[in-house]
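S.K.: Handing you a structure now.
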Amino acid sequence: MSTSPRSDFNVEISARALGPNVPQRIGRILWAPMLVMAVMAFPIGLAVGVIRSNLVAMNGDAAMIAALGHLGPAAMFVGFAAVFAAISFAIARILGVLRQGGGEVQEAAGRAIQTLRMPRTGWAFIGLMAMAMMVILAGVVGNAIVGAAILGGDAGALGQSEGLAIWFEGIRRIGVAMYLVAIGLGLATIIEALRFQAIRLRELPAEATR
Amino acid sequence: MAIAFGALTRPQAGSDLQAPSRHRTIGIALAAAGLMLAGVALIGSIIAGDLAGQADAADRVGSLGAWTFGLTTAAFGTIKLAIGLILVGIVRRIWLRVESVKAALPSLLRAQGGERGALGEYESEFGPATATAVAPRPLLIHRMAGLLWAPMLAMGVMLVYAGFLLSLGAAGNVTADPALSASQRAWVQGLQFLGEGFLLSGVSFLLGTILGAIRAGGGEVQESLSLTVRTLRMPSTAKLFIALMMAGLMVEIAQFAGYAYIATVPASADYATFSTWLGPLREFGLGLLLSGIVLALATIAKALGFQFARITQIITSGR
């Protein structure tokens, strides 16, 4: 395996078609379990919201209402973290298909096999996705801890409940914004992979067969 | 109108392959701008959370809560619009790749074609597929997707930003007219999440347009070489994607109706009760739409895999 001197793309040359790289293999395995997790978490978040709404309507226990005000968003945002992870993994899977398929076509044609190295947007996609996941989960864990503390009778947690809920909401929201940007970067990487393939395909007929 | 949208997603033959995608560049810049807006809203939330524990600060907390909500949702909408732009760039690149395959493939064949294979349905490595003499017509859902992605994105952005402007009004009225402020906040939430629903629907329709381009492009390539046209049938993930998208959009319309109702009863018990479950409901709707998007992306991966396998088959067997 060696590095190509191409000036327009950073590629690697190999004797055989390369398979998906590690993030792409992880994406292929994990997109479905993450989706299942999301599909389970969203109804739980909705159900907690409905229960809390009934308590509000019946002038129920204030501590329970405050606790569910933390636990409901925690469940809902476990769902969002999972569904954004599923989207990210599905994008990684597409990038893996493009990488492997592009190599196989060149190999079948008997030409030199050039594979695009991961562009900067691809690295940024992975880094931002990991950060976003941690930020959302930090908000979720904060909500879960405060909710559990209120249920456990912690008067201090109940007193600070509103302020903490506002903070955790802010944290979760910035996490969602980061995740959406990460997804945008992943899709931008797909554009680059397609651009490389369109150009590489036009080069193949003029090249000598191996 | 359909022709105009088609021109947005399919570049003219002979377009410059080397030129970097403008949609990609603008999309990334817009997404970064959206992230900055969300950062500003985060600062507002931190201040509001700090004030929440202090006496006599309820109005300031309410005011901060009103505009930070509007700004964050506007930020989400901006980033989703950016994602939409990047997806338009993907559709255009798929068509440029189709042109490249058409141009290169005849020179890459390593075997003579011989007899055409049998026509009809068959089971491929990637699921049920059909073999036809000519390229199949676009599916209804692909035609709808090509027509609807742009109006959905446009309506979504307008609603999200109209809601943001209203949130500024609601923030200003917290002290002077609490009932009006509560009513405006209900409208803000309803409008903005309906907008988010439209934006995610626009993104979903763009993913449908990508699937349509992969299907139509594959057919064009095979037909141009007078080969049997092999096409993947709609996978079950695609059917589920459509169902989830429709369900998610209906939930967002329902939450909008709910907020429109409580906006008329701002000082009532109904307001408190309804707003407690409308929040989770609107998020549940977005969750359905996002789950559908996951399935659309999974379908795209499968369709691309089928297409690569078909190109490889054509090169090695000539048919």
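The values are calculated or read from the model by the stated rules, or taken from the named source; none is laboratory data. Not measured: the values here are computed from a predicted model. In this analysis, Cβ positions are derived from the backbone assuming ideal geometry, glycine residues included, and neighbour counts consider all displayed protein chains.
S.K.: Return a yes/no flag: does the range A:102-115 have any residue that is crowded, with 18+ Cβ neighbours inside 10 Å, modelled with pLDDT of 95 or more, in a helix (DSSP H, G or I) and more than 10 Å from chain B (Cβ to nearest Cβ).
M.R.: No, the conditions are met nowhere in the range A:102-115.
S.K.: If I ask for residues that are more than 7 Å from chain A (Cβ to nearest Cβ) and crowded, with 24+ Cβ neighbours inside 10 Å, which ones from the range B:290-302 would you list?
M.R.: Looking only at the range B:290-302, we keep the residues that are more than 7 Å from chain A (Cβ to nearest Cβ), and these are B:292, B:295-296, B:299, B:302.
Selection gives B:Gly292, B:Leu295, B:Ala296, B:Thr299.
S.K.: So in the range A:16-51, with the set limited to residues that are of a type in the set (Lys, Arg) and either within 11 Å of another protein chain (Cβ to nearest Cβ) or in contact with a strand residue (DSSP E or B) (Cβ under 9 Å, 6 or more places away or on another chain) (or both), which one is nearest to A:Met64 (Cα to Cα)?
M.R.: Initially, the range A:16-51 is screened for residues of a type in the set (Lys, Arg), giving A:16, A:25, A:28.
Cutting the leftovers down to either within 11 Å of another protein chain (Cβ to nearest Cβ) or in contact with a strand residue (DSSP E or B) (Cβ under 9 Å, 6 or more places away or on another chain) (or both) gives us A:16, A:28.
Details: A:Arg16: 62, A:Arg28: 41 Å.
Within the range A:16-51, the match that is nearest to A:Met64 (Cα to Cα) is A:Arg28.
S.K.: Here are A:Arg210, A:Arg172: which of them is more than 8 Å from every other protein chain (Cβ to nearest Cβ) and surrounded by 23 or more Cβ atoms within 10 Å (Cβ to Cβ)?
M.R.: None of the others qualify; the one that does is A:Arg172.
S.K.: Looking only at residues that are closer than 24 Å to B:Ala243 by Cβ and more than 9 Å from every other protein chain (Cβ to nearest Cβ) in the range B:265-289, which one is farthest from the chain's Cα centre (by Cα)?
M.R.: Start the filter on the range B:265-289 by keeping residues that are closer than 24 Å to B:Ala243 by Cβ, which leaves B:277-278, B:280-289.
From the residues that got through so far, the ones that are more than 9 Å from every other protein chain (Cβ to nearest Cβ) too are B:282, B:285, B:289.
Working: B:Arg282: 17, B:Gly285: 14, B:Leu289: 9 Å.
Looking at residues that are closer than 24 Å to B:Ala243 by Cβ and more than 9 Å from every other protein chain (Cβ to nearest Cβ), I get B:Arg282.
S.K.: Can you find even one residue in the range B:103-115 that is among the hydroxyl-bearing types (Ser, Thr, Tyr) and loosely packed, with under 15 Cβ neighbours inside 10 Å?
M.R.: Let us first name the residues in the range B:103-115 that are among the hydroxyl-bearing types (Ser, Thr, Tyr), namely B:107.
Now restrict to residues that are loosely packed, with under 15 Cβ neighbours inside 10 Å: B:107.
Scanning the range B:103-115 turns up at least one residue that is among the hydroxyl-bearing types (Ser, Thr, Tyr) and loosely packed, with under 15 Cβ neighbours inside 10 Å.
S.K.: I'd like the residue in the range B:10-35 that is outside any loop (DSSP other than H, G, I, E, B) and within 13 Å of A:Leu194 (Cβ to Cβ) and, out of all such residues, is farthest from the other protein chains (Cβ to nearest Cβ).
M.R.: Let us first name the residues in the range B:10-35 that are outside any loop (DSSP other than H, G, I, E, B), namely B:22-35.
Checking the rest, the ones that are also within 13 Å of A:Leu194 (Cβ to Cβ) come to B:23-24.
Numbers: B:His23: 8, B:Arg24: 5 Å.
Selected residue: B:His23.
S.K.: So, one more: For A:Ala132, which of the numbered conditions (1) small (Gly, Ala, Ser); (2) more than 17 Å from the chain's Cα centre (by Cα); (3) more than 8 Å from chain B (Cβ to nearest Cβ) fails to hold?
M.R.: Unmet for A:Ala132, out of (1) small (Gly, Ala, Ser); (2) more than 17 Å from the chain's Cα centre (by Cα); (3) more than 8 Å from chain B (Cβ to nearest Cβ): (2).
S.K.: Please give the number of the condition A:Gly49 fails out of (1) free of Cβ contacts under 8 Å to residues at least 12 places away in the same chain; (2) touching a Pro at 6+ places or on another chain (Cβ under 8 Å); (3) not charged (D, E, K, R).
M.R.: Just one mismatch for A:Gly49, condition (1).
S.K.: Assuming B:Gly305 fulfils every condition listed in (1) assigned to a helix (DSSP H, G or I); (2) more than 11 Å from every other protein chain (Cβ to nearest Cβ) apart from one, which condition is it?
M.R.: (2)
S.K.: Only residues in the range B:202-223 that are closer than 12 Å to B:Ile293 by Cα count as the first member; pair them with residues that are of a type in the set (D, E, K, R), Cβ under 9 angstrom, at least 6 apart or cross-chain, and list the lot.
M.R.: That search, which allows pairs on different chains as well, returns B:Gly202/B:Lys80; B:Val203/B:Lys80.
S.K.: Restricting attention to the range A:52-66, which residues are surrounded by fewer than 24 Cβ atoms within 10 Å (Cβ to Cβ) and either within 8 Å of another protein chain (Cβ to nearest Cβ) or in a helix (DSSP H, G or I) (or both)?
M.R.: Looking only at the range A:52-66, we keep the residues that are surrounded by fewer than 24 Cβ atoms within 10 Å (Cβ to Cβ), and these are A:53-66.
Matches in the range A:52-66: A:Ser53, A:Asn54, A:Leu55, A:Val56, A:Ala57, A:Ala62, A:Ala63, A:Met64, A:Ile65, A:Ala66.
S.K.: Have a look at A:Phe84, A:Phe9 and point out the one that is surrounded by fewer than 18 Cβ atoms within 10 Å (Cβ to Cβ) and either under 20 Å from B:Ile300 (Cβ atoms) or not charged (D, E, K, R) (or both).
M.R.: Values: A:Phe84 fails: surrounded by fewer than 18 Cβ atoms within 10 Å (Cβ to Cβ).
The unique qualifying residue is A:Phe9.
S.K.: Could you list all residues from the range A:135-154 that are within 14 Å of another protein chain (Cβ to nearest Cβ) and surrounded by fewer than 17 Cβ atoms within 10 Å (Cβ to Cβ)? First the steps, then the outcome.
M.R.: Residues of the range A:135-154 that are within 14 Å of another protein chain (Cβ to nearest Cβ), as a first pass: A:135-136, A:138-140, A:142-143, A:146.
Matches in the range A:135-154: A:Ala138 only.
S.K.: Also, I was wondering about something else. When you scan the range B:253-291, how many residues do you find that are free of Cβ contacts under 8 Å to residues at least 40 places away in the same chain, outside any helix (DSSP H, G or I) and of a type outside the set (A, V, I, L, M)?
M.R.: Going through the range B:253-291 one residue at a time, the tally reaches 1.
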